[in-house]
Each structure stands twice: as structure tokens, then as C-alpha cells.
């Protein structure tokens, strides 16, 4: 499914500008530990986290992640958003908890691998 | 749902002694950052995490959480397990990813907030 | 009738094995005093976050607690780097934690906001290069409306 479909289905708010929202999402990943995402996340996945530190953009770029969803209305820092926009990594926010976001993605058919 | 039902849904092993599998658990959260657990979790919920250090148990104690599921087969060390036993916090380990663990439990009706958001 | 009680815990910087144990002990003490579970939870969470900050950033610290029929008060004094901009430090998500701390499950920038959310009164004073003193107060039930 496309990222823009997810955005609509889950009522996500897109915080970056000029990023590609039409890319395919083929799997899902949830973790706040950057080392874990680097080790295990797959390219094309949508990453759910509460981490809003600048490092998440570098990790997402490195792994070919389709987009990052921040849970609990987490507001990303300005420098995180700027870097994400520059590197074409969409960052979205949701009022749902990470558990519920993952649950919804799972219900839509996404899996971890 | 009960802890026993949760164990079955995510195919977990129980690693603490004398855990009460009939314990009712109404809510679940997943997180690896402990301050987020403290900011958002509600008493008597289940924590799903990949972090296995002693602070996870202390966070669960301070936040009055009901049980912890560790994902990806991760397991805390003996001292940490003993600490959890002394605080009556059951620990479970599943080989599933955090994503699939949360997904399965959500599918069976578990939510983060009372009343649930569907 | 709540009895008076007070004491102090000593904290060692970077001692991650024992990090959080002072707050756990405080929780036990409050339970023995018969304080309501909701107050105990708020006090324990606030103490835990204050303790973690001292252990992550400071060389050492002392957590004084005192319980009276009116309130639970905790004062955490540390010898550490101090906080240059307290307002900035209070913002949710703002963190100065190095990466290795994040890998341990801390440093999400929610510590001070968590304390503020759970306390009825919070005062932070700090001197860069010397240390920080954080004091919070939680009124016991029936005496003061809970802050949100």
C-alpha cells in the first residue's frame, strides 16, 4: 500500500514538506532503539517510534525506510523536520499510542517481514 | 484479557517463578524509552519492550505496571529476573518482533486506553 | 493519620545497575506509611525521573524526602554539570543525553516534564559547573486539588 493511503486511513498529520508520500510501504517496524532499527528494519517499511531526535532521519535514510510515524502526538524538533525534508523522509504524527498505531497497521495487513 | 491468554497469543515463555496467569490485563503499551512509559502508561497495563536492563523493572514498579513482554527473544539477566520476582512483576519472552506482538494483541481486542480506540 | 517520616538516599553518578533503586525504596516507605496509591505513584514517578537525571548527568547526588500529614516533599541535590537553560530543559522531547544513554532507554526528553506533571509544586535551581537542586511537593489527598 502507498504511504498516502496510510496517512488517510489513520488520519496522520504530515509534518515534513516536499517529501514523497506516494512511495510503497511493504512492512512495518516499531522500536525506539536506533541500534535495533539499524539491525532489523527492512527497506520499504514504515517506522513507528516516540524518538524524535535528529538521529532518526539518518537511520531512516540508511535503511531505506518509507516514512516515520511519531506516536502520542510527539512533536518533532525543528532540526529533525528540516533534515527529514531535505533527505525526503516523510515524518507523520498521530495521537494514537505506538501500540494502537501498530495494531491499526497490522489490521490493514502490514507485517514486520 | 488474562496474562495466560496473552501468553498464548504471542507464543511466549514465562521466565519468572509463580506468575499469576489469571491476572487481568486491560491495556498495553509498547516502548523502549522509560520516560515515555512513565509519561503515558496507565496503572495495571502490560509493557511490551525490547529493553532488558534493570531500569525496565524499576520503571514497571514505579508505574504500577502488571507484566512485561520482551520481544525478539530478548531476555534480561538473572539478577533482573530475580528483581522482577521480588516485585511480583511477571516477565514473558516472545520470539516475535514488537510489531507482530502488538499487532496480534490488538487484533484480539487489547488497547492502550479504556474503552479502546478502534 | 499519616506519621512524619524523613530520610536521605545517596546516589552515585553513572551507577546504572542501581539506578532507580532509591525511588523504589521511597515507594516502599510511602506504602508503609499508608499513603494513597495515587499519591505514591505520582511521588515515585517524579522521584524516579529526578534520580535518573542525577545518575545520568551528575557525579553524585542526595535525595532527601520528608513526609508530613500535609505533603510528600523530595529534594534532590546533585553535583553535576548544571542546567544552562531550565525553560529549554522543561520542553517535552528536549534532551542533552548522549547516544549511549538513549540505547539504555533514557534520554527521550520527558524526564523534567514528567516530574512537573506529577508534582503540585516544582522548583529547580542550578549553577552551571556546580550542580542542580530540584525540589518537588505533592499534597496528600483531601488537602489540595490535584494539578493536571
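The values are calculated or read from the model by the stated rules, or taken from the named source; none is laboratory data. Remember, it's a predicted structure, so these values are computed and weren't measured experimentally. Positions of Cβ are backbone-derived with ideal geometry, glycine not excepted, and every protein chain shown enters the neighbour counts.
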Revision key, fill the gap. Those residues of the range A:81-91 which are crowded, with 24+ Cβ neighbours inside 10 Å and out of contact with any helix residue (DSSP H, G or I) (no Cβ under 6 Å at 6 or more places or on another chain) amount to A:90
Study note, to complete from the structure: Reported set for the range B:32-53 where residues are within 10 Å of chain C (Cβ to nearest Cβ) and modelled with pLDDT of 90 or more is B:32, B:49, B:50, B:51, B:52, B:53
**Study point:** Single residue of the range C:1-34 satisfying the filter (away from every other protein chain (no Cβ under 14 Å) and part of a loop (DSSP other than H, G, I, E, B)) that is surrounded by the most Cβ atoms within 10 Å (Cβ to Cβ)
**Key:** C:13
Exercise for review: Check whether at least one residue in the range A:71-78 is part of a helix (DSSP H, G or I), without any contact (Cβ under 8 Å) to a residue 12 or more places away in the chain and within 22 Å of residue C:105 (Cβ to Cβ), and report yes or no.
Suggested key: no
Point to revise | the range B:93-112, subset within 7 Å of chain A (Cβ to nearest Cβ) and in contact with a helix residue (DSSP H, G or I) (Cβ under 6 Å, 6 or more places away or on another chain), residue surrounded by the fewest Cβ atoms within 10 Å (Cβ to Cβ) | key: B:106
Exercise for review: Out of the residues in the range B:11-39 that are free of Cβ contacts under 8 Å to residues at least 60 places away in the same chain and more than 18 Å from residue B:87 (Cβ to Cβ), state the one that is surrounded by the fewest Cβ atoms within 10 Å (Cβ to Cβ).
Suggested key: B:22
Review point. How many residues are touching a helix residue (DSSP H, G or I) at 6+ places or on another chain (Cβ under 6 Å) and part of a strand (DSSP E or B) if we restrict to the range C:106-137?
Key: 4
**Study point:** For residue B:81: the one exception among (1) crowded, with 21+ Cβ neighbours inside 10 Å; (2) assigned to a helix (DSSP H, G or I)
**Key:** (1)
Exercise for review: Among the residues of the range B:27-63, write down those that are in contact with a helix residue (DSSP H, G or I) (Cβ under 6 Å, 6 or more places away or on another chain) and over 21 Å from residue C:107 (Cβ atoms).
Suggested key: B:28
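Do the conditions hold for residue C:76, that is, is it closer than 28 Å to residue A:79 by Cβ, in contact with a strand residue (DSSP E or B) (Cβ under 8 Å, 6 or more places away or on another chain) and crowded, with 19+ Cβ neighbours inside 10 Å? Step through it out loud before you land on a result.
On the way: closer than 28 Å to residue A:79 by Cβ: no; in contact with a strand residue (DSSP E or B) (Cβ under 8 Å, 6 or more places away or on another chain): yes; crowded, with 19+ Cβ neighbours inside 10 Å: yes.
It is false that residue C:76 is closer than 28 Å to residue A:79 by Cβ, in contact with a strand residue (DSSP E or B) (Cβ under 8 Å, 6 or more places away or on another chain) and crowded, with 19+ Cβ neighbours inside 10 Å.
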Check your understanding: Considering only residues of the range C:35-59 that are more than 10 Å from chain B (Cβ to nearest Cβ) and out of contact with any strand residue (DSSP E or B) (no Cβ under 8 Å at 6 or more places or on another chain), which is surrounded by the fewest Cβ atoms within 10 Å (Cβ to Cβ)?
Key -> C:36
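For (1) over 20 Å from residue A:55 (Cα atoms); (2) touching a strand residue (DSSP E or B) at 6+ places or on another chain (Cβ under 7 Å), each residue gets a yes or a no:
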{"position": "A:76", "(1), (2)": "no, yes"}
{"position": "A:83", "(1), (2)": "no, no"}
{"position": "A:87", "(1), (2)": "no, no"}
{"position": "A:93", "(1), (2)": "no, yes"}
{"position": "A:96", "(1), (2)": "yes, no"}
{"position": "A:101", "(1), (2)": "yes, yes"}
{"position": "A:106", "(1), (2)": "yes, no"}
{"position": "A:113", "(1), (2)": "yes, yes"}
Study note, to complete from the structure: For the range A:34-51 the number of residues that are assigned to a loop (DSSP other than H, G, I, E, B), surrounded by fewer than 24 Cβ atoms within 10 Å (Cβ to Cβ) and touching a helix residue (DSSP H, G or I) at 6+ places or on another chain (Cβ under 9 Å) is 2
